[in-house]
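The values are calculated or read from the model by the stated rules, or taken from the named source; none is laboratory data. Remember, predicted model here, so these are calculated numbers, not experimental data. Heads up, the Cβs are rebuilt from the backbone with ideal geometry, glycines too, and the neighbour counts pull from every protein chain shown. With ligands, DNA and RNA removed, areas are computed over all heavy atoms of the protein, side chains included. Shrake-Rupley method; radii C 1.70, N 1.55, O 1.52, S 1.80 Å.
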Amino acid sequence: MQRFSYLTKLILFGCILCTLPVIFIGFVSNLQSSNEIQKQVNRGQIQLLTQMNSNVEQVLRTINHAFDQLVNSPVMAKVLNEPFTTDDFMLYKDLRKEISNTQSFYTKVEDVVIINIKQNWMIKNSGFYTFTDYLHHFQLANQMLLPNSFSWVLNPSIWFYSEEKANAATCPYTISLVKKLPDQNLDKFGLAFTNLTTCSLAEMLNYTPRESETVMILDDQERILFHSDPSMIGKYAINTEFIKDPSIFSQPSGQFQTEVDHKKYTATYLRSNYNNWIYLSIISIDSLTRDSKQIGRYTLVVCLVIVAVFLIIAWLGSRQMYNPIERLMREVGGKVPNGGKRNNEFDIISHQVQDLFRSKTQLEKEAHQHLQQALTYFLIKMFQGKVRRNELMDKMELFGFSGRLSEWQAFTVITLQIDTLENTRYGKEDLELLLFAINNISEEIIPVDVRLPPVFIEQTQVTMIGSKNPSLAEFNSFMFSLTESIQQAVQRVLGLEISIGISLPFDDPKKASVAYREGLEALKQRLHLGGQVIISYANVNEGKHQLYLDYPFLTESDLLDAILLADEDNAKLYLNQFMNTIFKHEMTPQEYQISMVRLFTSLMVAMQESGVTLNQLKQGDGSLYEELNRLQMTSEIQEWFWNRVISPLMAIYRDRQNSQYHSISEKIIDMIHKYYDTDLTIEECASQLHYNANYLSGIFRKETHTTFSDYLSAYRFTMAKKWLTETDMTIKEISEKLQYLNSQNFIRSFRKLEGVTPGQYRESFRKRGH
């Protein structure tokens, strides 16, 4: 603090030395203090910006209100939830009438666009369109990714006027109020846009900038919505010469100075509470002080008074100068030194910032590794037939393969195995390293645009390969050439003999599990063909896909969960799905019987694990297995499972629930209160309480009306606030104790929940305490 105080004195002493000669020389046309002029102007500019904000917000709120009436109207609900085509003229007319109510001369609304992604249509002023045929449908559909259900967004006008070039050229950017539809539903499948051009903002402002003044309006992303120079609209504020760092807009309103081409400017800004827009006025300081040269009286007295005031302020201010640095250190998680030799606070802050960057790099690296592991796990599940169709396509899109799959006309799966390690320089301990090397060789030889990443399943490398060419003959030729190249490369580089199995071509990614088993079946032919061979399944089963019964593991799991929760409706639904899946295949009666016994065994295992005895379930002296084996009709089998096994089991579980649910929820809450500072999960609670994780999650949500993760997060924030007010723990220490990867994630989460940062929360509590 002494260092700052000494610096302040030096600055003031220099100011006095520079000011006194000017005063005593008798400079007649002294300038009024630029600071005072700027303060006066800034006060006026704040009032002016407030009026601008009021004018614009009044229109925006009117638009939002009218738009709310449109999206919640019965007509809108009807066109969203019922099939709607160009033949529905009366419904279209009613919708156009509702839309016209939102457009008026006062609101300046240019266009209203309604999009139903599920039904693939779009309505705008120019007519009715098939959405996917619209030129910019991809960009419009991406608005579904906006974080909020409604947002004010700056979009290129060409997105909405691609067929009306003149409108787009007149005003290249459009301000859109975007709402996701249906408004009251969680499942959003539509979008509504109400558009007004950026050119209309000038009329709303009703203000003509003075000479050398620049007026701007920025959105919440610091993009320019309005500018005295229209060519700047759409650019980011940092692209202007006036704004060097967007962080200067951290307060609701304020002023700052900037310099362009050695010319100084003063800027005043105001942030809107409604949509976070920033209203900004920038004026040249030279133009402000141009008329102040006439003020010459009392210059000496005024200057002396100013010098005296500055001396007092410097003396008082130097004592407070350390406070911002202290607050900054608390924000970044550094400890404030108490007594002894004072550390360099800037070095501490710099060190913490460097730690943040290192943590960011480490997090990105870990995220990439986790993504690769998730991809490998998903591909293994796909080849094992444990992925539902909708999940398959969603995950393919998530991992960036949906475009590649849509281009492929045919698919095949290759399976690769090492024949033997005998008479080679390798041992069993080298197997994993050899498989990794073979994986790298395969990835280098197979073009990335015709394959998915290879994975290993029980020492077998499995790769899905696709072809854009619909000709199967050319695809088969390509596959044999490709597999020969892989085989030769492995022999040349590693000195190993490998065999490769090729499945039959297929046209649906869901059939990857069948193709994987075909590849394994092809490799079994090595028993009489020997090693180092390439075998196509086409040569094994007369070119026909072998019938594999994909046992519905997922449906069985859903059925067991529904029984444990005594959910009768879902249990009936999943039992029906299970039976339909099994009996849609043409098999022998013995093969059907195996699947039924398999389901029965799973039910018995689940019953035993939950502590239900067979005597509670069985009525009479006969064996349930024998009863099942005597049944011949599909309807009889399904009815037997429901009446003899599933319904009695649910009755037992339902009786248990009333007494157990409350006790289980209390145990989970007690574990949260004890182990909140560990990496606690619902799976860990389930393991300790000896229950299924999905079962526990359903019970907890039913009893507490909240999810496990939400309750855990809320309790952790309660403890964080307690530590902030009752201890001197740093932000970093609190974030680590609450299992955050870094303090910045904790600060962002805390601000989202409380509206202030942890440091500000602690500071405000201490001020109230004093």
Selected residue (only one of 363, 371, 392, 375 is closer than 16 Å to residue 515 by Cβ, in a helix (DSSP H, G or I) and either open to solvent by less than 40 Å² (accessible area, probe 1.4 Å) or of a type in the set (A, V, I, L, M) (or both)): 392
A careful count of residues in region 226-237 that are part of a strand (DSSP E or B) and either over 28 Å from the mean Cα position of the chain (by Cα) or buried (at least 20 other Cβ atoms within 10 Å of the Cβ) (or both) gives 2
Restricting to region 351-394, give me the number of residues that are farther than 16 Å from residue 511 by Cβ, at pLDDT 85 or above and charged (D, E, K, R). 1
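I'd like to verify a number: residues in region 444-467 that are surrounded by 14 or more Cβ atoms within 10 Å (Cβ to Cβ), of a type in the set (S, T, N, Q) and over 19 Å from residue 371 (Cα atoms), how many?
Summing the residues that are surrounded by 14 or more Cβ atoms within 10 Å (Cβ to Cβ), of a type in the set (S, T, N, Q) and over 19 Å from residue 371 (Cα atoms) in region 444-467 gives 3.
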Since residue 348 meets every condition but one in (1) at pLDDT 90 or above; (2) among the aliphatic types (A, V, I, L, M); (3) in a helix (DSSP H, G or I), which condition does it not meet? (1)
Filtering region 90-111 for residues that are touching a Leu at 6+ places or on another chain (Cβ under 6 Å) and of a type outside the set (A, V, I, L, M) leaves a count of 4
Hits in region 568-614 (condition: of a type in the set (D, E, K, R) and either in contact with a Lys or Arg (Cβ under 7 Å, 6 or more places away or on another chain) or in contact (Cβ under 8 Å) with a residue 24 or more places away in the chain (or both)): 568, 572, 586, 591, 598
When you go through 717, 750 one by one, which is the residue that is touching a residue at least 24 places away in the same chain (Cβ under 8 Å), surrounded by 13 or more Cβ atoms within 10 Å (Cβ to Cβ) and under 30 Å from residue 687 (Cβ atoms)? 717
Could you identify the single residue in 200, 149, 162 that is touching a helix residue (DSSP H, G or I) at 6+ places or on another chain (Cβ under 8 Å) and either modelled with pLDDT under 80 or of a type outside the set (A, V, I, L, M) (or both)? 162
Just checking, does region 144-161 include any residue being among the β-branched types (Val, Ile, Thr) and under 16 Å from residue 194 (Cβ atoms)? yes
Is one or more of the residues making up region 429-442 outside any strand (DSSP E or B), touching a residue at least 24 places away in the same chain (Cβ under 8 Å) and open to solvent by 40 Å² or more (accessible area, probe 1.4 Å)? no
Looking at region 483-491, can you tell me whether even one residue there is surrounded by fewer than 22 Cβ atoms within 10 Å (Cβ to Cβ) and touching a residue at least 60 places away in the same chain (Cβ under 8 Å)? no
Count - residues of region 716-741 that are outside any helix (DSSP H, G or I) and touching an Asp or Glu at 6+ places or on another chain (Cβ under 8 Å): 2
State all residues of region 400-416 that are outside any helix (DSSP H, G or I) and open to solvent by less than 40 Å² (accessible area, probe 1.4 Å); if no residue qualifies, say none. 401, 408, 410, 411, 412, 413, 414, 415, 416
What about residue 767, is it of a type outside the set (Phe, Trp, Tyr), in a helix (DSSP H, G or I), open to solvent by 50 Å² or more (accessible area, probe 1.4 Å) and farther than 30 Å from residue 607 by Cβ? yes
Against the condition within 32 Å of the chain's Cα centre (by Cα), basic (Lys, Arg) and over 16 Å from residue 180 (Cα atoms), how does residue 61 come out, does it pass? yes
For region 378-404 the number of residues that are within 19 Å of residue 460 (Cβ to Cβ) and more than 20 Å from the chain's Cα centre (by Cα) is 9
List the strands (runs of 3 or more DSSP E) inside region 76-184, counting only whole elements, that have at least 2 residues being of a type in the set (Ser, Thr, Tyr) and open to solvent by 40 Å² or more (accessible area, probe 1.4 Å). 127-130
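Looking at 459, 417, which is the one that is on the phi > 0 side of the Ramachandran plot and in contact with a Leu (Cβ under 8 Å, 6 or more places away or on another chain)?
None of the other options fit; the residue is 459.
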Being without any contact (Cβ under 8 Å) to a residue 12 or more places away in the chain and of a type outside the set (A, V, I, L, M) is the filter here; which residues of region 375-405 pass it? 377, 381, 390, 391, 394, 397, 400, 402, 403
Of all residues in region 493-520, how many are over 20 Å from residue 379 (Cβ atoms) and either open to solvent by 40 Å² or more (accessible area, probe 1.4 Å) or in contact with a His (Cβ under 9 Å, 6 or more places away or on another chain) (or both)? 2
Go over the candidates 499, 536 one by one and state the one that is farther than 23 Å from residue 436 by Cα and in contact with a strand residue (DSSP E or B) (Cβ under 7 Å, 6 or more places away or on another chain). 536
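Residue-by-condition table, conditions (1) over 43 Å from the mean Cα position of the chain (by Cα); (2) modelled with pLDDT under 85; (3) open to solvent by less than 40 Å² (accessible area, probe 1.4 Å); (4) over 30 Å from residue 686 (Cβ atoms):
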| site | (1), (2), (3), (4) |
| --- | --- |
| 590 | yes, yes, no, yes |
| 600 | no, no, yes, no |
| 603 | no, no, yes, no |
| 607 | no, yes, yes, no |
| 610 | no, yes, yes, no |
| 614 | yes, yes, no, no |
| 618 | yes, yes, no, no |
| 622 | yes, yes, yes, yes |
| 627 | yes, yes, yes, yes |
Among 46, 11, which is at pLDDT 60 or above, assigned to a helix (DSSP H, G or I), β-branched (Val, Ile, Thr) and closer than 30 Å to residue 267 by Cβ? 46
If you scan region 504-527, which residues turn out to be of a type outside the set (A, V, I, L, M, F, W, C) and farther than 21 Å from residue 441 by Cβ? 505, 507, 508, 509, 510, 511, 513, 517, 518, 521, 524, 525
